[in-house]
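Accompanying notes for the structure given below.
The values are calculated or read from the model by the stated rules, or taken from the named source; none is laboratory data. Computed from a prediction, not measured in an experiment: that's the story for all the values here. Here the Cβ is made from the backbone with ideal geometry for all residues, glycine too, and neighbour counts use every protein chain on show. In case anyone asks, the SASA skips ligands and DNA or RNA and just uses the protein heavy atoms, side chains included. Shrake-Rupley method; radii C 1.70, N 1.55, O 1.52, S 1.80 Å.
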Amino acid sequence: MRTRAGAPPNGVYAEQVTMTTDTAAGQGITGAAAGAEALAALNAAATDLEAAQQPTWPDTAALSEVVATLASYPPLVFAGECDQLTQRMAAASVGEAFVLQGGDCAETFASATADNIRDRIKTILQMAAVLTYGASVPVVKVGRMAGQYAKPRSSSVETREGVTLPAFRGDIVNDFAFHETARQPDPQRLVRAYHASSATLNLVRAFTTGGYADLRYVHEWNRGFVANSANARYEKLAHDIDKAMRFMAACGADFEAMRTVEFYAAHEALVLDYERPLTRIDSRSGRLYDTSGHFVWVGERTRQLDGAHIDFVSRISNPIGVKLGPKADIDEVLRIIDRVDPDRTPGRLTFITRMGAGTIRDALPALVDKVTASGATVTWICDPMHGNTFESSTGYKTRDFEDIVEEVRGFFEVHRSLGTVPGGIHVELTGNDVTECLGGAEKIIDSDLEKRYESVCDPRLNHQQSLELAFVVAEMLGQG
């Protein structure tokens with residue numbers, strides 16, 4: 001569905017520009033005029049461009065009030081943090097780091113609990129430890145969290161037993177329950193998404209800067225998870241890390257730098273009525289940043305060259321991702337580079353490929369070859385989830401762990417053959433012991449899916465499967 005991505009009728013986006021300009025002028029901020037002009041241009045595009053996959057808000061006056069409220073709220077992330085992530089992504093583009101992006105397919109307000117957030121962080125920290133120790137490469141840790149509340153849909157409606165209602169577009173838009181009131185898009189949910197994201201980031205920062213992510217606590221990250229083969233293998237690796245840490249301590253190493261861990265938040269920049277009011281002028285440079293997250297991406301369904309999403313990300317200074325499927329047109333991809341990364345800044349643009357296990361070895365080489373020949377320095381990341389989704393015999397949307405591993409293998413093989421760099425993986429996962437993806441060491445089969453299928457959208461790897469994948473990828477990285 002493509003709808004007009006227009007600003008609310010009372011001109012609240014324009015009002016945001018005025019407020020920002022006045023504040024900047026009063027403080028004498030360098031670059032304020034340029035920033036205000038850029039912000040005005042961004043908001044003008046809201047009325048000029050078509051935007052795919054947007055909700056149809058029933059009350060535009062209510063939407064205007066919500067947008068004004070969001071525009072008045074503090075940023076969720078900061079420009080300096082985004083610039084730091086751009087540097088880390090640049091390192092990954094040349095093989096000096098590896099990116100691990102992981103988290104829920106679609107966050108829900110109900111799941112934004114301390115336990116769920118903690119277990120997702122622990123899972124990502126464990127995976128990063130496996131990758132770092134097994135492959136001797138720094139790992140850039142990026143969570144699909146604190147903003148991943150929206151999902152694109154293949155249809156704008158859903159029909160069950162003769163009843164047709166608006167499709168569920170994520171908690172930021174409407175509710176998963178299948179009745180008319182629940183499925184009505186509600187702009188107040190944009191505010192709820194902001195507060196849920198703020199609470200999530202607060203806890204993430206507490207965990208990652210308060211000492212919990214210190215490698216000296218590597219065993220603690222395994223506590224609370226169900227005993228299984230992947231956890232046992234991790235525990236052995238944790239023991240080896242302990243030995244290495246004791247050796248370093250005996251040599252007089254200073255561990256203070258290890259007390260904190262860089263952890264970044266990412267989500268799909270889908271609902272533009274959420275992203276635009278959270279776009280702010282950086283007082284240092286006058287440039288625009290989407291302060292809803294450090295890294296935002298444009299999906300396969302919304303990356304039209306003449307559309308509002310590509311226009312939006314071309315105007316902000318965050319590191320940007322673009323999803324590419326097996327049918328991505330090479331000329332169009334090159335034009336996306338020109339739009340989003342005209343200055344060819346390393347770390348600015350990431351291509352997240354979602355090809356499918358049976359397709360990646362055929363579809364990816366020409367794409368990588370042409371992009372490389374263009375002179376662009378992009379970071380290549382493999383999303384082995386979305387190209388491998390199917391419906392099980394029991395009627396569940398699922399993925400097979402072996403297909404996921406096979407796509408990652410193909411991704412590495414293509415880059416090795418071309419002499420280019422496999423920069424990272426992008427995985428839908430949870431720290432819980434769900435049964436949503438088939439296979440893995442615990443050999444989940446069709447009849448197991450109903451036991452703990454909790455996702456409201458796409459199937460996720462559970463904690464054990466996530467760790468298993470990390471060990472496999474570490475071996476691939478270690479092969480150099």
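Just for the stretch 47-68: of the residues that are assigned to a helix (DSSP H, G or I) and touching a helix residue (DSSP H, G or I) at 6+ places or on another chain (Cβ under 6 Å), which one is surrounded by the most Cβ atoms within 10 Å (Cβ to Cβ)?
Checked the stretch 47-68; the qualifying residue surrounded by the most Cβ atoms within 10 Å (Cβ to Cβ) is Val67.
Here is a list of conditions, (1) in contact with a helix residue (DSSP H, G or I) (Cβ under 6 Å, 6 or more places away or on another chain); (2) in contact (Cβ under 8 Å) with a residue 60 or more places away in the chain; (3) open to solvent by less than 20 Å² (accessible area, probe 1.4 Å); (4) not hydrophobic (A, V, I, L, M, F, W, C), and Gly307 meets all of them except one; can you say which number that is?
Among (1) in contact with a helix residue (DSSP H, G or I) (Cβ under 6 Å, 6 or more places away or on another chain); (2) in contact (Cβ under 8 Å) with a residue 60 or more places away in the chain; (3) open to solvent by less than 20 Å² (accessible area, probe 1.4 Å); (4) not hydrophobic (A, V, I, L, M, F, W, C), the lone unmet condition for Gly307 is (1).
Among the strands (runs of 3 or more DSSP E) confined wholly to the stretch 212-319, which include 1 or more residues that are among the charged types (D, E, K, R) and under 27 Å from the mean Cα position of the chain (by Cα)?
Per the criteria, 263-268, 279-281, 288-290.
Within the stretch 201-212, is there a residue that is touching a residue at least 60 places away in the same chain (Cβ under 8 Å), of a type outside the set (Ser, Thr, Tyr) and farther than 18 Å from Arg118 by Cα?
Looking through the stretch 201-212, none of the residues is touching a residue at least 60 places away in the same chain (Cβ under 8 Å), of a type outside the set (Ser, Thr, Tyr) and farther than 18 Å from Arg118 by Cα.
Of all residues in the stretch 362-388 being in contact (Cβ under 8 Å) with a residue 12 or more places away in the chain and among the small types (Gly, Ala, Ser), which is nearest to Thr86 (Cα to Cα)?
Ranking the qualifying residues of the stretch 362-388, first place goes to Ala376.
Can you find even one residue in the stretch 421-433 that is over 24 Å from Leu85 (Cβ atoms) and either at pLDDT below 95 or open to solvent by less than 20 Å² (accessible area, probe 1.4 Å) (or both)?
yes
Go through (1) out of contact with any strand residue (DSSP E or B) (no Cβ under 9 Å at 6 or more places or on another chain); (2) on the phi < 0 side of the Ramachandran plot and name the single condition Gly286 misses.
(2)
Just checking, does the stretch 153-165 include any residue being touching a residue at least 60 places away in the same chain (Cβ under 8 Å), within 18 Å of the chain's Cα centre (by Cα) and surrounded by 15 or more Cβ atoms within 10 Å (Cβ to Cβ)?
Within the stretch 153-165 (the criterion being touching a residue at least 60 places away in the same chain (Cβ under 8 Å), within 18 Å of the chain's Cα centre (by Cα) and surrounded by 15 or more Cβ atoms within 10 Å (Cβ to Cβ)), the answer is yes, since at least one residue qualifies.
Go through (1) touching a Gly at 6+ places or on another chain (Cβ under 9 Å); (2) within 24 Å of Phe295 (Cβ to Cβ) and name the single condition Ala357 misses.
(2)
What's the number of the condition Glu391 fails, among (1) among the acidic types (Asp, Glu); (2) in contact (Cβ under 8 Å) with a residue 40 or more places away in the chain; (3) under 21 Å from Asp446 (Cβ atoms)?
Status for Glu391: all satisfied but (2).
Here's a check for you: in the stretch 190-224, which residue that is of a type in the set (D, E, K, R) and open to solvent by 50 Å² or more (accessible area, probe 1.4 Å) is nearest to Gln148 (Cα to Cα)?
This residue is Arg192.
Only one of these conditions is not met by Ile381: (1) of a type outside the set (Phe, Trp, Tyr); (2) within 19 Å of Ala91 (Cα to Cα); (3) part of a helix (DSSP H, G or I). Which number is it?
(3)
Of the residues Ala146, Ala150, Ala182, only one is among the small types (Gly, Ala, Ser), at pLDDT 95 or above and surrounded by fewer than 20 Cβ atoms within 10 Å (Cβ to Cβ); which?
Matching residue, one of Ala146, Ala150, Ala182: Ala182.
Considering every residue within the stretch 441-460, establish whether at least one is buried (at least 19 other Cβ atoms within 10 Å of the Cβ), over 19 Å from the mean Cα position of the chain (by Cα) and under 22 Å from Tyr133 (Cα atoms).
No, every residue in the stretch 441-460 fails to be buried (at least 19 other Cβ atoms within 10 Å of the Cβ), over 19 Å from the mean Cα position of the chain (by Cα) and under 22 Å from Tyr133 (Cα atoms).
Of the residues that sit in the stretch 76-108 and are of a type in the set (A, V, I, L, M, F, W, C) and open to solvent by 30 Å² or more (accessible area, probe 1.4 Å), which one is nearest to the chain's Cα centre (by Cα)?
Filtering the stretch 76-108 for residues that are of a type in the set (A, V, I, L, M, F, W, C) and open to solvent by 30 Å² or more (accessible area, probe 1.4 Å), the one nearest to the chain's Cα centre (by Cα) comes out as Phe78.
Taking only the stretch 338-363 into account, find how many residues are surrounded by fewer than 20 Cβ atoms within 10 Å (Cβ to Cβ), in a loop (DSSP other than H, G, I, E, B) and among the basic types (Lys, Arg).
Of the residues in the stretch 338-363, 1 are surrounded by fewer than 20 Cβ atoms within 10 Å (Cβ to Cβ), in a loop (DSSP other than H, G, I, E, B) and among the basic types (Lys, Arg).
With the requirement that a residue be charged (D, E, K, R), at pLDDT 85 or above and more than 24 Å from Val204 (Cβ to Cβ), what does the stretch 238-262 give you?
Asp240, Asp242, Lys243, Arg246
Give the stretch 443-480 a look and list any residue that's touching a helix residue (DSSP H, G or I) at 6+ places or on another chain (Cβ under 6 Å) and either without any contact (Cβ under 8 Å) to a residue 12 or more places away in the chain or of a type outside the set (A, V, I, L, M, F, W, C) (or both), or say none.
Passing the criteria: His463, Gln464, Gln465, Ser466, Glu468, Gly478.
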